[in-house]
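Novice: Before I ask anything, let me first share the structure, which is written out below as structure tokens.
The values are calculated or read from the model by the stated rules, or taken from the named source; none is laboratory data. Owing to the predicted nature of the structure, the values given are computational and were not obtained by experimental measurement. Ideal geometry is used to build each Cβ from the backbone, glycine not excepted, and the neighbour counts take in all protein chains shown. With ligands, DNA and RNA removed, areas are computed over all heavy atoms of the protein, side chains included. Shrake-Rupley method; radii C 1.70, N 1.55, O 1.52, S 1.80 Å.
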Amino acid sequence: KNISKDLILSNSGEAIIIKKNTSKGILLRGYKDTDYSKLKIFQNKLFQGNKAILSKNYISIGKELSFTLNLDIGDSITLMSSVGVESIIGSLPKQKTFLISSIFESGMVEFDNNIAFINLETLEEFFNLDQDERNLEIYLNNPQNIDHQKTIAQNNFPNDFVYTWSDMNSSLFSALKV
């Protein structure tokens, strides 16, 4: 009863964003169009752009990243994958151009400067990932008793790695405790 109706498939990979003479490493998160609009980060008043568009060649970036690279909605950027394409001269990194469809603001500067969202199928093609490698994100109505919920999820998925928002932000919580 604690689990919400939102079970969302995702995947991720590390890439380099290139804009003119500047480059920066980012984490790309991939979601399906229908799941992307359910994420709370895109439902706040600070969101700019189209919440519905996360199709093939579109990308949603954080406000801090837009400041860092002087980007705006409608600009195009090039991403370089860590996965290579074989050529005559050896392995070359994959590159793809994306159009910025939206800018989000999570309230966490590090998140907004280092994470971007693209279409799930595009991400998997870009990083040569298989559908079997997707993550299942479970959103709770009450995230307070997270350790108990993690135990329940681990029991339901005994052969999979289960981690929580608390695990993913453990260094932040350690710093806050100090």
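Novice: Going by the structure shown, is residue 49 closer than 9 Å to residue 102 by Cα and either at pLDDT 90 or above or loosely packed, with under 15 Cβ neighbours inside 10 Å (or both)?
Specialist: Numbers: closer than 9 Å to residue 102 by Cα: yes; either at pLDDT 90 or above or loosely packed, with under 15 Cβ neighbours inside 10 Å (or both): no.
No, not satisfied.
Novice: Can you find a residue that is touching an Asp or Glu at 6+ places or on another chain (Cβ under 7 Å), part of a strand (DSSP E or B) and not hydrophobic (A, V, I, L, M, F, W, C) anywhere in the stretch 94-116?
Specialist: No, the conditions are met nowhere in the stretch 94-116.
Novice: Still on this model: Just one of 17, 73, 41 is touching a residue at least 12 places away in the same chain (Cβ under 8 Å), in a strand (DSSP E or B) and touching a strand residue (DSSP E or B) at 6+ places or on another chain (Cβ under 7 Å); which is it? If you could, list the steps in order and put the result at the bottom.
Specialist: Details: 73 fails: in a strand (DSSP E or B); 41 fails: in a strand (DSSP E or B).
Just a single option satisfies the conditions, and that option is 17.
Novice: I'm checking my understanding of the structure. Among residues of the stretch 140-156 that are open to solvent by less than 80 Å² (accessible area, probe 1.4 Å) and of a type outside the set (A, V, I, L, M), which one is modelled with the lowest pLDDT?
Specialist: Here is the first cut: in the stretch 140-156, the ones open to solvent by less than 80 Å² (accessible area, probe 1.4 Å) are 140, 142-143, 146, 149-154.
Still in the running and of a type outside the set (A, V, I, L, M): 142-143, 149-151, 154.
Working: 142: 74, 143: 70, 149: 83, 150: 84, 151: 87, 154: 87.
Going through the qualifying residues, I end up with 143.
Novice: Let me confirm something: among 76, 82, which residue is open to solvent by 50 Å² or more (accessible area, probe 1.4 Å), under 16 Å from residue 13 (Cβ atoms) and out of contact with any helix residue (DSSP H, G or I) (no Cβ under 8 Å at 6 or more places or on another chain)? Lay out the reasoning, then the answer.
Specialist: Numbers: 76 fails: under 16 Å from residue 13 (Cβ atoms).
That would be 82, the only listed residue that is open to solvent by 50 Å² or more (accessible area, probe 1.4 Å), under 16 Å from residue 13 (Cβ atoms) and out of contact with any helix residue (DSSP H, G or I) (no Cβ under 8 Å at 6 or more places or on another chain).
Novice: Only one of 41, 103, 18, 88 is in contact with a Lys or Arg (Cβ under 6 Å, 6 or more places away or on another chain) and either β-branched (Val, Ile, Thr) or open to solvent by 10 Å² or more (accessible area, probe 1.4 Å) (or both). Can you tell me which? Explain how you work it out, then say what you get.
Specialist: Values: 41 fails: in contact with a Lys or Arg (Cβ under 6 Å, 6 or more places away or on another chain); 18 fails: in contact with a Lys or Arg (Cβ under 6 Å, 6 or more places away or on another chain); 88 fails: in contact with a Lys or Arg (Cβ under 6 Å, 6 or more places away or on another chain).
Only one candidate passes the filter, namely 103.
Novice: Looking at (1) open to solvent by 20 Å² or more (accessible area, probe 1.4 Å); (2) more than 14 Å from the chain's Cα centre (by Cα), which is the only condition residue 121 fails?
Specialist: In the conditions (1) open to solvent by 20 Å² or more (accessible area, probe 1.4 Å); (2) more than 14 Å from the chain's Cα centre (by Cα), residue 121 misses (2) alone.
Novice: Going through the stretch 22-81 one residue at a time, which ones are β-branched (Val, Ile, Thr) and touching a Ser or Thr at 6+ places or on another chain (Cβ under 9 Å)?
Specialist: The answer is 22, 41, 53, 59, 61, 68, 73, 77, 78.
Novice: Within the stretch 157-178, track down each residue that is at pLDDT below 85, in contact with a Lys or Arg (Cβ under 9 Å, 6 or more places away or on another chain) and not in a helix (DSSP H, G or I).
Specialist: Within the stretch 157-178, 163, 164 meet the criteria.
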